[in-house]
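The values are calculated or read from the model by the stated rules, or taken from the named source; none is laboratory data. Nothing here was measured: the structure is a model prediction, and the numbers come from that model. Cβ coordinates were reconstructed from backbone atoms using ideal geometry, including for glycine residues, and neighbour counts include every protein chain displayed.
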């Protein structure tokens with residue numbers, strides 16, 4: 001069967017519902033942790049291949065409105081932006097699944113979890129992926145809201161996976177804050193529905209494909225109010241300041257691969273839902289209304305993030321506050337708009353997903369080696385673990401926007417977009433925040449990678465008979481970094497460093513078409 005024929009046979013359903021089947025199989029395998037691990041890697045590779053086929057052939061779809069057997073057409077919607085998001089979700093999930101093998105095996109050896117919990121982890125992860133796929137494919141904005149809420153409920157189980165007091169507290173905090181915030185988004189959708197009825201268009205559904213074709217709604221005030229509620233709700237889930245308070249706790253207490261998924265793709269899914277809603281509101285409000293809010297919250301997120309990044313002493317919370325920063329950068333790009341701004345949104349979403357996932361996975365391995373999250377106690381990485389030292393140092397530079405990493409180019413595009421839009425003050429504040437954050441990150445990276453590990457080189461240790469205590473501290477660092485860990489981190493590093501060459505060519509058509517989609521008020 002030709003690829004085009006396969007596309008017409010509802011290939012999108014594989015990405016949405018196959019993970020549910022995979023979750024059930026993983027759960028059935030139960031105590032056989034090795035079987036669960038390798039099955040999950042194969043299943044995640046299948047999802048990646050399907051998503052690549054989809055992004056490569058989405059332009060051949062006869063209709064953007066997709067069907068589901070027995071339910072008829074209209075339930076799902078797919079364009080190049082949808083395919084772009086689905087590919088990112090599949091890519092990050094595949095790589096975190098590779099990493100999870102060594103990570104969970106190490107936790108079993110330490111007694112943190114039992115072998116039976118491995119099946120729980122993978123089954124929850126598959127359901128989590130399914131819920132995110134539902135967000136990006138669903139057509140009805142009410143059902144999209146329900147899908148975003150589903151990602152909250154399912155990911156909360158992953159945040160609290162370790163069953164410690166701290167993890168449970170972080171999971172509940174995440175669940176309560178995001179659920180309340182998402183309720184505001186629901187109220188915004190209800191207001192939009194009221195505006196539809198007020199415009200004597202009560203026959204319209206809440207399908208995205210229908211609303212963007214309906215034109216301008218009469219009650220401008222209601223439309224603006226609905227957008228503000230949706231912005232607060234989805235913005236909270238995306239980690240925008242000042243609604244970000246759940247994020248540092250959730251990211252720091254989650255297993256490392258879960259943190260990578262949360263930061264790399266879940267935040268982007270919330271932004272995706274907001275972008276879809278903004279397209280509908282833009283028909284009535286115009287572009288400038290939403291742009292001002294995007295710029296305000298984007299800058300606020302940068303200003304809130306940078307002091308916490310500079311003063312942070314927890315490596316995973318450092319990455320979490322960096323996620324707030326980069327969410328702010330993406331919203332700035334949305335606010336500046338224009339061709340440069342919209343292209344930057346797409347590039348930055350991809351680059352951030354890749355390199356932040358790499359940083360969280362590397363941080364998880366460093367924590368396994370040093371048995372601490374505290375940056376002040378992590379010293380001498382280059383001396384003892386050159387692979388981890390190289391990964392965290394170069395990854396940190398890439399995260400701060402150093403060339404030749406992709407984030408440098410997306411941040412440069414955002415600056416050009418700001419100047420093109422004549423937002424000179426915002427551009428200046430943007431550069432100041434990036435500079436301060438770079439200095440703070442460089443300080444943390446230098447402390448962790450250079451110098452000597454205190455337990456190896458303290459005077460007290462060297463005074464011990466036969467230097468036994470001196471060498472004991474060093475031996476504590478001789479934790480083997482597994483092949484799957486190195487493979488996952490290396491893949492992410494290679495993608496981040498070569499994305500300007502190969503990955504951009506592979507994705508450029510989808511990015512360009514997505515940019516055209518976002519720029520056009522009528523699509």
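Looking at 346, 445, 397, can you tell me which residue is surrounded by fewer than 20 Cβ atoms within 10 Å (Cβ to Cβ), at pLDDT 90 or above and out of contact with any strand residue (DSSP E or B) (no Cβ under 6 Å at 6 or more places or on another chain)?
397
Here is a list: 295, 309, 330. Which entry is touching a helix residue (DSSP H, G or I) at 6+ places or on another chain (Cβ under 9 Å), under 30 Å from residue 376 (Cα atoms) and part of a helix (DSSP H, G or I)?
Residue meeting the stated conditions: 309.
Out of (1) under 20 Å from residue 489 (Cα atoms); (2) surrounded by fewer than 22 Cβ atoms within 10 Å (Cβ to Cβ), what's the single condition that is false for residue 419?
All conditions pass for residue 419, except number (1).
Would you pick out the residues in segment 411-433 that are touching a residue at least 40 places away in the same chain (Cβ under 8 Å), farther than 16 Å from residue 356 by Cα and assigned to a helix (DSSP H, G or I)?
413, 414, 416, 417, 418, 420, 426, 429, 430, 433, listed by residue number.
How about segment 366-410: which of its residues are under 23 Å from the mean Cα position of the chain (by Cα), in a loop (DSSP other than H, G, I, E, B) and more than 16 Å from residue 322 (Cβ to Cβ)?
Result: 403, 404.
For segment 157-171, which residues satisfy the criterion of being in a helix (DSSP H, G or I) and in contact with a helix residue (DSSP H, G or I) (Cβ under 8 Å, 6 or more places away or on another chain)?
Within segment 157-171, 157, 158, 159, 166, 167, 169, 170, 171 qualify.
Within the set of pairs 6+ apart or on separate chains, which have a first residue in segment 376-400 that is over 22 Å from residue 99 (Cα atoms), a second that is assigned to a helix (DSSP H, G or I), and C-beta atoms under 6 Å apart?
Filtered contacts from segment 376-400: 400/438; 400/441.
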